[in-house]
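The values are calculated or read from the model by the stated rules, or taken from the named source; none is laboratory data. From a predicted model like this one, the values you see are computed outputs, not experimental measurements. Here the Cβ positions follow ideal geometry from the backbone for every residue, glycine too, while neighbour counts run over all protein chains shown.
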Amino acid sequence: MSPVELREVKNQLEELLRKHFIRPSVFPWGAPVLLVKKKDGTMRSCIDYRQLNKVTIKNKYPLPRIDDLLDQLR
């Protein structure tokens, strides 16, 4: 990542932290961040979760469908 891109990522992270959209983490897992240029010329942070998703334990008890829950109420 170039110094300009690194500065942009840091600026975006600081803003997200300030707005409490994200918080610091000490977990050993992470995902790479990359920047994509938007039509207006500004940069968008994108996070590639593919590798993290591969090692994530799947939920064995998925959330029930809303129509099934409504049927149970009747």
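Values for this structure:
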item	result
Filtered residues of segment 26-41 (kept if surrounded by fewer than 10 Cβ atoms within 10 Å (Cβ to Cβ), at pLDDT 90 or above and of a type outside the set (A, V, I, L, M))	K37, K38, K39, D40, G41
Candidate set from segment 1-25 (those that are assigned to a loop (DSSP other than H, G, I, E, B) and not basic (K, R)); member that is modelled with the lowest pLDDT	M1
Inter-residue pairs, beta-carbon under 7 Å, first under 21 Å from E15 (Cβ atoms) and in segment 35-60, second at pLDDT 90 or above and of a type in the set (S, T, Y), 6+ apart	L35/S45
Qualifying positions in segment 2-49 - of a type in the set (A, V, I, L, M) and out of contact with any helix residue (DSSP H, G or I) (no Cβ under 7 Å at 6 or more places or on another chain)	V4, L6, V9, L13, L16, L17, V26, L34, V36, I47
